[in-house]
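Each value in this text was obtained by applying a stated rule to the coordinates, not by laboratory testing. Note that the structure is a prediction, hence the values are computed from the model and not measured. Cβ sites come from the backbone with ideal geometry, for glycine too, and all protein chains shown count toward neighbours.
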Amino acid sequence: MELQKVHLNTASTLEPDGSVLVIYTGGTIGMVSDRSGSHLVPFNFEEIMHRMPELRQLNISISVISYTEPIDSSNVTEEDWIMLASIIRDNYEEYDGFVVLHGTDTMAYTASALSYLLENLQKPIIFTGAQVPIGKPRTDARENLVTALEIAVSTRTGRCIVPEVCIYFGNLLLRGNRSKKVESSHFNAFKSVNYPALAMAGVNIEYRPMLIRSLPKGPFIVHQQLERNIVRLKLFPGLAERVIRNLLATKGLKGVVLESYGSGNAPTAQWFLNAMQEAINRGTFILNVSQCDGGRVEQGRYQTSQYLQEMGVIGGADITSEAAVTKLMYVLGLGLPREETRKLLESNLRGEISEEPI
């Protein structure tokens, strides 16, 4: 994929407050109307200072890398996640923070994936986007982008405030791997039910330091492998035995995100339990997450989840489905022995699960 890099002279002094690399992958935030006014087309980021003169007030050194062919977020693949991780790796030492402009439909997946791929991250990676294109009068793109840029260079006593992958949208800064898209027509498009917002933007940006991950001590590592052979299985009344058996017996299947009821409950029909056990015996990892937005999986609390616990299904605690999918892809991509893989899937790797209920 071809990339175009643009350096913007936004700093109003010789000593800017920080430097940010903006990575435009695609999405509504970078769209404007064409000359006819009937179609939306990507705009040239070399013109961003013309469209957003308020950027000059930030005193931030900004560079923009844009894909020459922007990606609709519905078409994002694991290759795009690895590409993003590589761009950040190659520019990591040059910038204080990063802002990723991304379509909203799969933003939570991409932010979750990046949180795993970027181990021992010590700088902000802030995802944002828009519900209304930047060229429209009532766009939310301007506020989202300006605040994301401010957060990307935020420091306190000379240290980075938010050294993690986040989503900033609709006045809220959310941990990326705790977020999910919940709105398609309102500006508050994302929420994080099982973990509070890391910051709220009003007249000032009010950070909540106790909720933000501390700076890691290990070396920054960028991982480059993700396992694709996984699937999501959402339970519903009336599951067909033939369909489920065929799905779980798919050749090469490595992992399943089981979206169960309530606190981790599933049918106790013998055919269903047998199909699950046979998949586990073939080496497939099954990660149990709740269909509920809030709460957590507690396998064994009820008899309908005790069977899953006994056969070796892994409880996902309060992880989101988006974070569970990308966690499976990341951990299985490491190619570790079975017991070590299971231990990582049960562990809190990047703040994606809570040790205790929040």
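Below is a table of values for the structure above.
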| item | result |
| --- | --- |
| Convex hull of segment 85-221 built on C-alpha atoms - directionally averaged projected area, nm² | 8.5 |
| Lysines with Cα under 25 Å of Lys191, excluding same-chain neighbours fewer than 8 positions away | Lys123, Lys136, Lys180, Lys181, Lys234, Lys327 |
| Residues of segment 216-254 with amide N under 16 Å of a point placed 7 Å along Cα→Cβ from Thr77 | 225-230 |
| Shape call, segment 79-135: gyration tensor on alpha carbons, a/c limit 1.5 | prolate |
| Between helix 78-91 and the chain: long-axis angle, C-alpha atoms, 0 to 90°, nearest 10 | 40 |
| Alpha-carbon spread of segment 255-358, three principal axes, descending order, Å | 35, 33, 18 |
| Ordering of 170-176, 244-250, 215-221, 61-67 by packing [mean C-beta count within 10 Å, highest first] | 170-176, 61-67, 244-250, 215-221 |
| Mean separation of Cα contacts under 8 Å, 6 or more apart, over the residue count of the chain: relative contact order % | 14 |
| Range of Cα positions in the chain per principal axis (Å), largest first | 68, 50, 35 |
